[in-house]
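Below is one structure, written out as structure tokens, with a few remarks after it.
Each reported figure results from applying straightforward, stated rules to the coordinates on display, with no laboratory input. The structure presented is a predicted model; accordingly, all values stated were derived computationally and were not measured. Glycine gets a Cβ as well: all are built from the backbone with ideal geometry, and neighbour counts include every protein chain shown.
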Amino acid sequence: MLAITTPANDVQKLFNILEIQRPSGSQTEEDWVTNNLLSLEGARMDAYGNVFVEVSMDKSTTMFSCHTDTVHPKPHADYKNKLVIDPMTNHLFTDHKSQLGADDGTGIWFMLAMIEAKVPGLYAFHRDEEVGGLGSSASAKDNYEYLMALGLNRCVAFDRHYYEDVITHQGTRCASDEFAQALSNELNITPGFKFKPCDTGVFTDSANYTHMIPECTNLSVGYWSQHTIKETQDVGFAEKLLARLLQIDWEALPTSRDVTDNDFSFDDYDYGFYDRGASDMLELCEDYPIMIAEILEDYGVTVQELREQIDDKLDLVATKTTKKTQPGYDWDSPPWNTPPWSSYK
Ligand SMILES: [Zn+2]
């Protein structure tokens with residue numbers, strides 16, 4: 001940690017979660033789930049490995065959702081993330097050698113705190129989200145009867161970048177505008193919050209329950225550049241959001257969407273994008289080689305790893321080389337851009 005005063009106990013729990021790299025299928029993920037989730041009162045693991053915790057379900061028709069896996073490459077699973085906080089912005093990073101994993105460690109932190117505060121709900125800790133939503137997909141099938149018997153009205157995932165989105169579409173309609181607006185209003189009680197319905201969501205676990213649960217959304221939790229080594233989490237924002245989540249009367253939110261309502265958001269079918277031409281990967285690489293190299297670097301792909309993959313493709317026997325260390329980053333002129341918003345302190 002760079003210059004930081006002793007964090008509040010709760011924030012230290014977030015740091016503890018983010019230190020652990022938990023790629024899907026890794027021993028570190030398995031151990032983390034066993035040690036931190038199965039020890040919770042009433043925790044149950046389904047056949048796939050998802051963990052569910054019921055809190056006062058006689059008073060709740062709400063499921064909360066996050067995922068336990070991170071995008072870290074498997075070979076690095078034993079390494080701990082080195083966390084660095086920018087005291088000026090209260091943004092958390094790693095040393096830029098690995099992804100932070102706020103996607104979705106921040107969602108895990110929220111849910112553990114909500115369980116501790118006894119906020120009624122069904123808490124679903126999904127596995128394998130990052131490799132295709134496999135855990136939630138299995139859950140929707142294997143746990144169908146159990147979940148339907150709970151009469152769930154809403155599934156709220158905490159797995160969205162940025163600050164303002166209450167997702168109504170993950171490709172197709174997943175939550176009603178009325179629900180998303182009502183939840184936005186509840187969130188915006190916190191001064192400075194500007195949540196609003198957003199129809200440009202991408203996949204997360206709640207999408208796998210839209211045929212069973214009317215309102216399936218995903219909320220911005222204040223991470224940014226997820227899946228890359230520049231990933232950051234606005235800690236102040238997350239603290240404020242968590243404080244609000246503990247206060248919301250989830251059962252008072254409206255339920256409007258019919259589970260058969262699967263309309264497309266218009267933006268996803270904006271044909272302008274496809275008309276730009278460079279839809280072919282090779283063409284894109286030829287047109288923007290420098291940018292593609294930058295993007296690969298952002299995603300934590302090293303020159304050595306890329307060389308090894310190319311060697312594999314060429315079917316060459318890679319000569320055994322001593323492992324080179326990753327090139328260092330110049331902290332005086334950091335390679336990332338300052339986020340274009342003022343942060344929450
Ligand atoms: Zn995620």
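Data for the structure
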read-out: Span from the the stretch 61-94 Cα centroid across to the the stretch 120-155 one, whole angstrom; value: 22 Å
read-out: Label-reachable residues, the stretch 244-261, where backbone N falls under 17 Å from a point 7 Å from Lys118's Cα toward its Cβ; value: 246-250
read-out: Most positive-pole-ward Cα, Leu100, His126, Thr89, against dipole of the stretch 9-268 from beta carbon charges; value: Thr89
read-out: Overall form of the stretch 131-170 per C-alpha gyration tensor (a/c, 1.5; a/b vs b/c); value: oblate
read-out: Nearest-0.05 FRET efficiency for Asp142 and Asn262, computed from C-beta distance (R0 25 Å); value: 0.65
read-out: Anisotropy class of the stretch 39-114 from Cα gyration tensor, a/c 1.5 cut; value: oblate
read-out: Cα gyration tensor shape of the stretch 149-253, rounded if a/c is under 1.5, else prolate or oblate by comparing a/b with b/c; value: oblate
read-out: Relative packing of peptides 209-220, 10-21, 280-291 - highest average C-beta neighbours within 10 Å first; value: 209-220, 10-21, 280-291
read-out: Computed magnitude of the charge dipole of the stretch 9-268 (debye, nearest 20; Cβ of K, R +1, Cβ of D, E -1); value: 460 debye
read-out: Gain on full stretching of the segment that runs from Leu40 to Met88 - 0.36 nm per residue minus C-alpha separation; value: 13.7 nm
read-out: Extension gain, Thr302 back to Ile189 (0.36 nm per residue minus Cα-Cα distance, nm); value: 36.3 nm
read-out: Cβ-Cβ FRET estimate between Thr172 and Lys59, R0 fixed at 25 Å, reported to 0.05; value: 0.20
read-out: Surrounding net charge for Ala138, when Lys and Arg each add one and Asp and Glu each subtract one, Cβ distance under 13 Å; value: -3
read-out: Ratio Rg/Rh [Cα only; Rh per Kirkwood] for the stretch 9-268; value: 0.94
